[in-house]
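These notes concern the structure reproduced below.
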Amino acid sequence: MSNPEEPVLVVKNLRKQFGSGCTNCLDLKEESLEGNYCPVCQTVYACRDISLELYPGEILGVVGESGSGKSTLMRCLYFDEAVTAGQGYIKDYKDGQKNIFTETSQQKRYIRNHVLGMVYQNPYQGLRMGFSSIGNIAEKLIAAGNRNVGYMTDRAAGLLEKVNIPIYRMLEAPGKFSGGMQQRVQIAKALSNNPPILFLDEVTTGLDLSVQAAVLDLIKIIQRELAISMLVVSHDLSVIRMLSERTIVMLGGKIIEQGLTDQILEDPQHPYTQQLVQSLL
Amino acid sequence: MNNYNFAFFDEGSKREIRRATLKAIALPGYQVPFASREMPIARGWGTGGLQLTLSLVGKNDRLKVIDQGSDESVNAVSIKKLVIGTTGIDETDKTGEATLIQSRHRIPEAELREDQILVLQVPIPEPLREIEPSEYATKRLHADKEYSGVWLMLFEQIMAHGSVATGADHPVLVHDRYVMAPSPIPRFDNPKLDHSQALILLGAGREKKIYAVPPYTKVVSLAFEDYPFEVERMAERQCRLCGAAGVYFDELFDEKTNEKYYQCNDVSYCLQTRISLS
């Protein structure tokens, strides 16, 4: 078992900007920006020097309103977007010695395929809707270097059973499934090669309450059984309250508050967090 | 046809195509973009192959053009006429005598030699196209050596049919680097690409790409560990005309006797066998 004191993922000063920046906004001072937007050069600072640590087996929640940069943070960590600046270290990749953001595109693919799993808010981003559910899961295994059909079908069937997709529907395309089922196929796909780190981006948004509960249960079970570290992004505080031990609150591309989830919910410090917690009750 | 430059093209065009060809040979399996010319035949009818042929042909070459194994189909004859008419070189049907062979959908049965060049016509040069429509994306996938999409296609065929069902154009890995579409040759011809003595050039006129398998290059047909690569089953079949076995056959049907019979698909090979027997 790995040392629980040592984080599996360390992010230091991650910055993501859309636009080139100018002399007005170069120093990122509050007075020169309108929120995260520079009125002079129209640059948007989606993530402003985000630093975080993810520990083995923990679920770290990220909350914030829409446009706060939480999904951009996720997309940067999964290499869907290139970061503007910052460092990231993953314990299971080169012993956490290499900055993952400066690795080659081939190496980034390796990290994505071997060390990370991602569940998108919209299943259309994470799945191929025209391919069979088993094939969708096999794709992740193939990308991780597996070339054995027998093993991959067994593994995929096992995972689909775990996420409660009936066996007789496994050869069907996710395009024919309901939203909740698609989300569960996505989770099965993300889990297929036992990634030490899993990213969940608004997984329950848009699902009805009973299905939401089932998906959240599933995530809890997975965390308990497989001890996977997860980063959970949501705008929904009740989801965060149920899943995560620690929480980060983001606003305008910055972390404005972080700490134990209970602490943040019971005793929010930042005015925005106070407002957020207020609106939950 | 003295109004045309030798081999139809102006020298500048030939040079540009040859430059792309050299780059393709240097990077086995990599698709090199080139400025595909307007040709007197329509795109999709072998213009990629024809441009390669015209840029390579010299005064001492002997040309053979095959269309799905046949030297005498309309397409093969028109291409041959154009090249012969603008160069004055000799044509031949005999695979062994040709120095330059342009082919559509087949690699000849007779083994090719170092002094021969095989030019294949390609409709869709991108093996990832079926799963990724964007050229911008597929270029990046090639750069990252990310070929799970091609494997996924084969996997899905196994899920749907119980076996790999590529009728033609079964993807290959060239020189342990690039996955390549071998043009719509039957799987039966895929092993002929591996360590071929002849230089193999592939041209896609509509898609504006040239790629190559240099002589003695490792070419592996993609297959899963527990579903090994298989060619079409041609065993226990014999050519009705020449008696050959172990080659690629056309299946024909005699309506009078209601019987199936087989005939060599490579017409030139069949003729040669019959001549040497008589």
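Bear in mind that the values in this text are calculations on the coordinates, not laboratory data. None of the values given here were measured: they were computed from a predicted structure. Backbone-built Cβ (ideal geometry, glycine too); neighbour counts: all protein chains shown.
Just tell me how shielded B:142-148 is by partners: mean number of partner chain Cβ atoms within 10 Å of each residue's Cβ, no decimals.
Taking the mean over all residues of the peptide, I get 5.
Among B:LYS139, B:LYS218, B:LYS94, which one shows the highest mean-square fluctuation when chain B is modelled as a Gaussian network with alpha-carbon springs under 10 Å?
B:LYS139
Please report how far the C-alpha centroid of the stretch A:98-136 lies from that of the stretch B:1-58, rounded to the nearest whole angstrom.
40
With the cut-off at 27 Å, report for chain A the share of all Cα pairs above it, as a whole percent.
42
Compute the distance in nm between two label points, each set 7 Å from the Cα along the Cα-to-Cβ direction, one at B:ILE84 and one at A:ARG147.
Taking the simple label geometry, B:ILE84 and A:ARG147 are separated by 4.6 nm.
Want the number for B:ARG18 to B:TYR4: 0.36 nm per residue separation, take away the alpha-carbon distance, what's left?
Gain in length upon complete extension: 3.1 nm.
If you split all Cα-Cα distances of the stretch A:65-207 into 10 Å bins from zero, what percentages do you get per bin, shortest first?
12, 40, 32, 15, 1
Which percent, nearest 5, of DSSP beta bridges in the protein assembly as shown are antiparallel?
55
Using R₀ = 22 Å, calculate the FRET efficiency as 1/(1 + (r/R₀)^6) where r is the Cβ-Cβ separation of B:GLU11 and B:ARG206; round to 0.05.
For B:GLU11 and B:ARG206, the calculated efficiency is 0.35.
Starting from the stretch B:211-275, pick out the chymotrypsin sites (Phe, Trp or Tyr not before Pro) whose DSSP state is loop and whose Cβ has at most 12 other Cβ atoms within 10 Å.
B:TYR216
Amide H neighbours of B:ASP90 under 5 Å, counting only residues 5+ apart in sequence or on other chains, H built in-plane at 1.01 Å?
B:LEU63
Please check: in the Gaussian network model of chain B (C-alpha springs, under 10 Å), which one of B:ILE131, B:ILE66, B:ILE185 has the largest mean-square fluctuation.
Among B:ILE131, B:ILE66, B:ILE185, the largest GNM mean-square fluctuation belongs to B:ILE131.
So, in Å, what gap is there between the alpha-carbon centers of the stretch A:6-49 and the stretch B:166-192?
So the two Cα centres are separated by 48 Å.
Note down the magnitude of the dipole of chain B about its Cα centre, charges +1 on Lys and Arg C-beta and -1 on Asp and Glu C-beta and zero elsewhere, to the nearest 20 debye.
Value, rounded to 20: 900 debye.
Could you derive backbone 3J(HN,Hα) for the stretch A:231-238 from the dihedral phi with the Karplus parameters 6.51, -1.76 and 1.60 (θ = phi - 60°), listing whole Hz in sequence and x where the residue is Gly or Pro?
10, 10, 9, 7, 9, 9, 5, 5
Counting each pair of different Cα atoms once, what's the Kirkwood radius of the protein assembly as shown in Å, rounded to one decimal?
One decimal place: 27.3 Å for the Kirkwood radius.
Kirkwood-based Rg over Rh for the stretch B:153-262 (C-alpha set), two decimals?
When Rh is taken as the Kirkwood radius, the ratio is 1.04.
For A:ILE59, list long-range residues whose amide hydrogen, built 1.01 Å from N in the peptide plane, is under 5 Å from its own amide hydrogen.
A:MET230, A:GLU245, A:ARG246
With 29 Å as the limit, write out which pairs from B:LYS23/B:LYS192; B:LYS64/B:LYS209; B:LYS64/B:LYS139; A:LYS98/B:LYS218 have Cα-Cα distances beyond it, or answer none.
Violating the 29 Å Cα-Cα cut-off are B:LYS64/B:LYS139; A:LYS98/B:LYS218.
Quick one: which residues, 5+ away or cross-chain, put their amide H under 5 Å from the amide H of A:GLU257? H built at 1.01 Å from N.
A:VAL249
So what's the angle, to the nearest 10 degrees on a 0 to 90 scale, between helix A:209-226 and the longest Cα principal axis of chain A?
80
Take A:ASP262, project a point 7 Å from its Cα along the Cβ direction, then tell me which residues of the stretch A:36-77 have their backbone nitrogen under 12 Å from it.
Hits in the stretch A:36-77 for A:ASP262 at 12 Å: none.
Could you tell me the distance between the Cα centroids of the stretch B:74-101 and the stretch B:139-154, to the nearest Å?
37
For chain B, what does the helix formula give at 222 nm: sum of -39500 (n - 2.57) over DSSP H segments with n ≥ 4, over the residue count, nearest 500 deg cm²/dmol?
-8500 deg cm²/dmol
Taking other Cβ within 10 Å of each residue's Cβ, how do A:LYS94, A:LYS108 sort, fewest first?
By the 10 Å Cβ count, ascending, the order reads A:LYS94, A:LYS108.
Provide Rg over Rh for chain B; use the alpha carbon set for both Rg and the Kirkwood Rh (inverse mean inverse pair distance).
0.98
For the stretch A:1-106, would you read off the P(r) tail past 20 Å as a percentage of all alpha carbon pairs?
Tail fraction, whole percent: 45.
Can you tell me how much longer the chain between A:ALA213 and A:CYS22 gets when fully stretched, taken as 0.36 nm per residue apart minus their C-alpha distance, in nm with one decimal?
64.1 nm
When chain B is modelled as a GNM with alpha-carbon springs shorter than 10 Å, which of B:GLU255, B:GLU16, B:GLU72 fluctuates the most?
Sorting by GNM fluctuation, first place goes to B:GLU255.
Could you derive backbone 3J(HN,Hα) for the stretch B:47-53 from the dihedral phi with the Karplus parameters 6.51, -1.76 and 1.60 (θ = phi - 60°), listing whole Hz in sequence and x where the residue is Gly or Pro?
Ordered by residue, 3J(HN,Hα) equals 5, x, x, 4, 5, 4, 4 Hz.
Normalised by the number of residues in chain A, what is the relative contact order in percent for Cα pairs under 8 Å and 6+ residues apart?
Relative contact order of chain A: 25 percent.
Relative to the first principal axis of the alpha-carbon coordinates of chain A, what is the inclination of helix A:271-280, with its axis defined by its Cα atoms, in degrees from 0 to 90 and to the nearest 10?
40
For every other residue with a beta carbon closer than 14 angstrom to the beta carbon of A:LEU209, add +1 if it is Lys or Arg and -1 if Asp or Glu, then tell me the sum.
The answer is -3.
Per DSSP helix of 4 or more residues, -39500 (n - 2.57); summed, then divided by the residues of chain A. What does that give at 222 nm, rounded to the nearest 500?
Rounded to the nearest 500, the figure is -10500 deg cm²/dmol.
If you line up the long axis of helix A:149-162 against the longest principal axis of chain A, both from Cα atoms, how many degrees apart are they, to the nearest 10?
The answer is roughly 70 degrees.
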